[in-house]
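Beneath this line is the structure, given in structure tokens, with notes to follow.
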Amino acid sequence: MAVFTETPEPIDVETTDHCRLELRHHPGATAARPVLLVHGASAASDTFRIGEKRTVVDYLLKEGFDVWTLDWRASMRCAKNLYCAVRDHPDIFTIDAAARYDVPAAISRMRAANVAGKIGIIAHCMGGAIVAQGIAQGVIPATDAENVVFTALGLFYRAAIDGVLKVEDQSLEQLLANDQYLLHPVKQWSSSVCEQDPGKGSWDPLLQEPYEVWYRTPLRHKCDIDYCHRLSYMFGMPYLPDSIPSIHADHLPSQFGYVPTQFLLHFAQNLRRGHCGESVRNSAGGRLPPDYRYLDHAAFKDRAVTLITGNLNSLWHRDSIDTMYEWLRRGRHADQPRELRKHVLDGFGHQDLYWGCAAPEQVFPLIRAGLRA
């Protein structure tokens with residue numbers, strides 16, 4: 001049976017570009033160290049409140065941390081409402097915008113709630129991308145966040161071959177050209193999505209037809225759960241099912257939902273580049289222009305940086321973390337992060353870094369050590 005940590009009531013956060021986000025607080029003991037948890041896209045902060053044996057939120061509370069979680073603009077809690085509120089401004093759904101505004105707004109709201117001192121950050125998947133880019137852009141200073149733990153992704157983008165092939169198909173560009181601004185693992189797109197939630201059904205033929213070809217090659221584990229297959233097609237296998245048996249069988253629909261197409265397109269552009277760069281409005285055809293503005297090595301030198309991934313991660317390949325580590329080790333010792341650690345864990349994939357049966361013993365202590373470095 002999966003275990004859960006109770007979900008607190010949301011604290012409203014409004015960014016300076018007028019996006020409404022949700023912050024949640026799990027109070028720690030007196031003088032507990034504050035830590036902010038940032039989830040991946042299509043997921044939500046609940047990703048940190050579920051586990052097969054123990055949740056990372058519960059673990060951190062027991063280890064003396066004051067825990068805050070952020071549902072940022074690509075959260076399944078927020079994405080649909082934000083789209084419906086500002087549907088004429090899809091540019092809010094880029095890594096650039098999320099990196100510049102979301103985590104700084106959360107930190108500002110935490111300060112308003114009398115959180116003092118340095119705030120540790122745990123950033124997973126696409127959350128790691130926006131935090132890393134926010135640091136590189138200078139909007140998350142070391143005076144606010146000195147200890148940062150990235151799981152699976154940072155500034156460099158490497159994916160498994162099926163993910164690369166989907167990017168090269170450029171189907172996301174075509175979906176946006178057809179005004180399909182939100183994607184869901186099992187729901188059809190409808191122009192009336194803001195008036196009513198579409199029912200289950202086939203995707204647009206741009207996705208459905210290649211999915212049916214892909215489906216003929218079975219997943220490497222025995223699975224008859226439609227939600228699992230569709231998640232695996234959209235993103236690459238986001239977990240090792242044998243490591244999360246009860247979550248895989250019963251709880252996937254509560255953990256993944258709407259994701260903005262524009263946001264996925266920006267990630268696809270970065271995957272084509274191999275590293276973070278500014279969103280390009282029309283990237284169909286041709287090569288993307290070079291863009292190295294966010295590869296600022298100096299932004300990380302006053303921090304303790306921990307990089308964690310699984311050697312079986314087939315959503316973001318371990319090269320994403322390996323490349324980030326080697327890049328941070330460049331140059332003179334004085335220009336490197338104050339402390340830099342990398343862990344590639346045998347037998348782990350992606351989400352099972354937090355959900356898996358072995359995560360409390362093998363992953364969580366590495367996160368704790370990174371926050372206390």
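Read-outs: derived from the displayed coordinates by stated rules, not from any lab. From a predicted model like this one, the values you see are computed outputs, not experimental measurements. Please note: Cβ atoms are built from the backbone with ideal geometry, for glycine as well, and neighbour counts cover all protein chains shown.
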Notebook entry, point to check: What residue among 143, 261, 94 has the largest mean-square fluctuation in a Gaussian network model of the chain, using Cα springs under 10 Å?
Noted result: 143
Next item on the list: Hey, can you grab everything whose amide H is under 5 Å from the amide H of residue 159? Only 5+ residues off in sequence or another chain; H modelled, so Pro and N-termini drop out.
Entry: 317
Check: So how many Lys-Lys pairs in the chain land under 28 Å Cα to Cα, not counting same-chain pairs under 8 apart?
Finding: 17
Item checked: From the C-alpha gyration tensor of region 86-128, square roots of 5λ in Å -> 24, 14, 6
Notebook entry, point to check: If packing is taken as the mean number of other Cβ atoms within 10 Å per residue, what is the order of 334-342, 306-314, highest first?
Noted result: 306-314, 334-342
Next item on the list: If a cysteine in the chain has no other Cys Cβ under 4.7 Å from its own Cβ, put it on the list, ordered by number.
Entry: 19, 78, 125, 223, 228, 276, 357
Check: Residue farthest toward the positive end of the dipole of region 3-372, with Cβ of Lys/Arg at +1 and Asp/Glu at -1: which of 325, 347, 78?
Finding: 325
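Working out 0.36 nm times the residue gap between residue 288 and residue 204, then minus their Cα-Cα distance, what length gain in nm do you get to one decimal?
27.6 nm
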Notebook entry, point to check: For region 1-105, what is the percent of antiparallel DSSP beta bridges, rounded to the nearest 5?
Noted result: 65
Margin query: To the nearest 20 Debye, how big is the dipole of the chain about its Cα centre, given +1 on the beta carbon of each Lys and Arg and -1 on that of each Asp and Glu?
Written below: 960
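Give the percent of DSSP beta bridges with both residues in the chain that are antiparallel, rounded to the nearest 5.
Among the beta bridges of the chain, antiparallel pairing accounts for roughly 40 percent.
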Notebook entry, point to check: About its Cα centre, what dipole magnitude does region 2-133 give when the only charges are +1 on Lys and Arg Cβ and -1 on Asp and Glu Cβ, stated in debye to the nearest 20?
Noted result: 240
Checklist line | Percentage relative contact order, the chain, counting C-alpha pairs under 8 Å, at least six apart | finding: 21
Check: Hey, can you rank 95-104, 321-330 by average C-beta count inside 10 Å, highest first?
Finding: 95-104, 321-330
Notebook entry, point to check: In what order do 214, 203 fall by count of nearby beta-carbon atoms within 10 Å, going from fewest to most?
Noted result: 214, 203
Next item on the list: Using the Karplus curve 6.51 cos²θ - 1.76 cosθ + 1.60 with θ = phi - 60°, work out ³J(HN,Hα) for each residue of region 134-148 in order, rounded to whole Hz, and write x for Gly and Pro.
Entry: x, 5, 5, 7, x, 9, 10, x, 5, 5, 9, 9, 9, 9, 10
Check: Between residue 361 and residue 81, what FRET efficiency comes out of the Förster formula 1/(1 + (r/R0)^6) with R0 = 35 Å and r the beta carbon distance, rounded to 0.05?
Finding: 0.40
Check: Sequence-distant or interchain residues sharing an amide H contact under 5 Å with residue 310, placed H: which?
Finding: 345
Notebook entry, point to check: Using mean Cβ contacts within 10 Å as the protection proxy, how do 364-373, 144-153 order, highest first?
Noted result: 144-153, 364-373
Next item on the list: Please get the size of the charge dipole for region 277-373, origin at its Cα centre, with Cβ charges of +1 on Lys and Arg and -1 on Asp and Glu, quoted in debye to the nearest 20.
Entry: 320
Check: Considering amide H positions built from the backbone, and no H for Pro or chain starts, which residues 5 or more places from residue 26, or on another chain, come under 5 Å of its amide H?
Finding: 67, 68, 69
Checklist line | Selection from 171, 214, 263, by position along the positive dipole direction of the chain (Cβ) | finding: 263
Next item on the list: Please name which of 42, 56, 68 has its Cα lying farthest along the dipole of region 1-77 towards the positive end, using unit charges on Cβ (Lys, Arg +1; Asp, Glu -1) and the Cα centre as origin.
Entry: 56
